[in-house]
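Visitor: Shown below is the structure under consideration.
The values are calculated or read from the model by the stated rules, or taken from the named source; none is laboratory data. Note that the coordinates shown come from a computational prediction; the quantities given were computed from them, not determined experimentally. Quick reminder, even Gly has a Cβ in these numbers, built from the backbone with ideal geometry, and neighbours come from all protein chains shown.
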Amino acid sequence: MAESLSVSVKTAAELVHWLQTKSVEGGSSIATAKLRLFVLVDCTQVPNWAEFEQKLHEQNISKLRKLYDDLGGLEIAKTGPWLLEVPDKETALHFLAQQALEHEAFSFLLGDCSLAELDEHLRAIREVAMPNGSAALFRFHDPHVTGALWPILTPAQRLRIIGPVRRWAVLSPCGLMQEIERHKTAVLNGSLKFSQAIVTALDNALFPWAVADQVREIDSTLLSGLTACARWKLITERIAKAQELGLTVRSDLALYCALSLQLPANFEATSPFASALERARTGKTSFGLALDQVSSDEWQKVDEMSIGDKQ
């Protein structure tokens with residue numbers, strides 16, 4: 001059987017303690033079998049990869065696999081996840097724990113399997129069958145994805161995903177260690193399938209992060225200086241506000257979030273936003289299309305309002 005668990009972790013020292021405790025089979029000091037620690041790294045979320053590689057070398061973390069190395073010729077092969085086996089060293093644990101607190105890129109897997117066995121398993125679950133019968137890439141190396149999935153998966157799905165390891169954990173943006181755990185149960189083989197309910201729930205859980213990415217593309221300074229937890233809370237609050245105002249289309253929700261971070265408070269009650277919201281609420285058009293129809297003179301007034309507020 002595989003189950004989903006969670007515990008609060010706020011500091012690197014707490015994360016190291018959690019890993020050390022969980023690395024003992026059964027989580028008890030009286031147990032004798034110590035589990036190996038593996039780390040999945042989402043390369044796209046590590047800002048300075050060359051520097052990170054150098055630090056891996058300094059920590060003697062040399063056992064690694066590139067999980068997309070067989071996809072040569074595809075763009076994703078260049079930025080695919082890495083799987084590391086971590087030596088039983090305090091300094092290596094502290095290094096990776098601190099990295100996990102700074103970057104949303106790390107997943108921790110504990111098991112008595114070999115690196116090769118885990119590599120083979122992860123390649124086997126790279127694709128998931130969707131409700132319409134198509135196959136999609138399963139981003140199991142993205143902590144946002146797995147953290148959202150753990151509570152909503154069926155026991156059989158958790159068992160298929162966890163494979164030969166005993167525990168698979170990710171640190172949520174707000175410091176919650178979310179894990180799935182496999183007890184003394186045989187590894188489950190076969191294809192991995194997601195129902196429409198799971199796809200919808202996952203899509204909803206990931207939407208705030210998609211909005212945050214769009215906001216950064218518009219203006220990288222709007223969310224700068226905020227922790228991952230603060231970013232998530234801010235974006236989810238703005239999405240909720242947009243929904244209260246009657247917006248339902250995702251592109252409109254994202255647009256409202258971006259505008260709310262650029263313009264003065266209660267901008268939605270002023271022209272031309274109030275009329276655009278009303279048109280969207282009544283189904284005449286989308287919020288975005290309504291704003292596209294605003295004249296340049298009206299936008300000039302909006303710019304003046306924004307500048308005046310900053311002064």
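Visitor: Kindly provide the set of residues from segment 214-229 that are surrounded by fewer than 11 Cβ atoms within 10 Å (Cβ to Cβ) and either outside the structural domain of Val249 (by TED's automatic domain parsing) or in a helix (DSSP H, G or I) (or both), ordered by number.
Guide: Glu217
Visitor: Right, something else. Please specify each residue of segment 190-242 satisfying the condition of being polar (S, T, N, Q) and in contact with a Lys or Arg (Cβ under 9 Å, 6 or more places away or on another chain).
Guide: Across segment 190-242, the qualifying residues are Ser191, Ser224.
Visitor: Criterion first (in a helix (DSSP H, G or I), buried (at least 21 other Cβ atoms within 10 Å of the Cβ) and either among the polar types (S, T, N, Q) or not assigned by TED's automatic domain parsing to the domain that holds Leu37 (or both)) does Thr146 satisfy it?
Guide: Yes: the conditions hold for Thr146.
Visitor: Name the single residue that is nearest to Gln20 (Cα to Cα) among those in segment 125-147 being in contact (Cβ under 8 Å) with a residue 12 or more places away in the chain and aliphatic (A, V, I, L, M).
Guide: Val145
Visitor: Which of the residues belonging to segment 97-112 are farther than 17 Å from Gln20 by Cα and in a loop (DSSP other than H, G, I, E, B)?
Guide: His103, Glu104, Ala105
Visitor: Taking the options Leu261, Leu291, Leu253, Leu247, name whichever one is outside any helix (DSSP H, G or I) and touching a residue at least 24 places away in the same chain (Cβ under 8 Å).
Guide: Details: Leu261 fails: outside any helix (DSSP H, G or I); Leu291 fails: outside any helix (DSSP H, G or I); Leu253 fails: outside any helix (DSSP H, G or I).
Only one candidate passes the filter, namely Leu247.
Visitor: Where the second residue is β-branched (Val, Ile, Thr) and the first is surrounded by 13 or more Cβ atoms within 10 Å (Cβ to Cβ) and lies in segment 264-287, which pairs have Cβ atoms under 8 Å and are six or more apart or on separate chains?
Guide: Pro272/Val294; Pro272/Val302; Ala276/Val294; Arg279/Thr285; Ala280/Val249; Ser286/Val249; Phe287/Val249
Visitor: Within segment 14-33, is there a residue that is touching a Leu at 6+ places or on another chain (Cβ under 7 Å) and in a strand (DSSP E or B)?
Guide: no
Visitor: Something else: Could you tell me which residue of segment 170-192 is farthest from Ser107 (Cα to Cα), considering only residues that are of a type outside the set (A, V, I, L, M, F, W, C) and surrounded by 15 or more Cβ atoms within 10 Å (Cβ to Cβ)?
Guide: Within segment 170-192, the subset of a type outside the set (A, V, I, L, M, F, W, C) is 172-173, 175, 178-179, 181-185, 189-191.
Still in the list and also surrounded by 15 or more Cβ atoms within 10 Å (Cβ to Cβ): 172-173, 175, 178-179, 181-182.
Numbers: Ser172: 10, Pro173: 13, Gly175: 13, Gln178: 10, Glu179: 10, Glu181: 14, Arg182: 16 Å.
So, considering only residues that are of a type outside the set (A, V, I, L, M, F, W, C) and surrounded by 15 or more Cβ atoms within 10 Å (Cβ to Cβ), the one farthest from Ser107 (Cα to Cα) is Arg182.
Visitor: Scan segment 294-311 and tell me whether some residue there is within 30 Å of Phe106 (Cβ to Cβ), among the polar types (S, T, N, Q) and either surrounded by fewer than 17 Cβ atoms within 10 Å (Cβ to Cβ) or in contact with a Ser or Thr (Cβ under 8 Å, 6 or more places away or on another chain) (or both).
Guide: No, segment 294-311 contains no residue that is within 30 Å of Phe106 (Cβ to Cβ), among the polar types (S, T, N, Q) and either surrounded by fewer than 17 Cβ atoms within 10 Å (Cβ to Cβ) or in contact with a Ser or Thr (Cβ under 8 Å, 6 or more places away or on another chain) (or both).
Visitor: Hey, Gln59 hits all of (1) modelled with pLDDT of 90 or more; (2) buried (at least 19 other Cβ atoms within 10 Å of the Cβ) but one; which does it fall short on?
Guide: (2)
Visitor: Looking at Glu278, Glu304 in this structure, which one is assigned to a helix (DSSP H, G or I), modelled with pLDDT of 90 or more and more than 32 Å from the chain's Cα centre (by Cα)?
Guide: Exactly one of Glu278, Glu304 is assigned to a helix (DSSP H, G or I), modelled with pLDDT of 90 or more and more than 32 Å from the chain's Cα centre (by Cα), namely Glu278.
Visitor: To continue, here is another question. Does Ile235 satisfy being buried (at least 21 other Cβ atoms within 10 Å of the Cβ) and closer than 28 Å to Leu176 by Cβ? Outline the logic, then answer.
Guide: Values: buried (at least 21 other Cβ atoms within 10 Å of the Cβ): yes; closer than 28 Å to Leu176 by Cβ: yes.
Considered against the rule, which asks whether it is buried (at least 21 other Cβ atoms within 10 Å of the Cβ) and closer than 28 Å to Leu176 by Cβ, Ile235 comes out as yes.
Visitor: Tell me the residue from Ile161, Ile125 that is β-branched (Val, Ile, Thr), surrounded by fewer than 16 Cβ atoms within 10 Å (Cβ to Cβ), modelled with pLDDT of 95 or more and not assigned by TED's automatic domain parsing to the domain that holds Cys257, please.
Guide: Answer to the check: Ile125.
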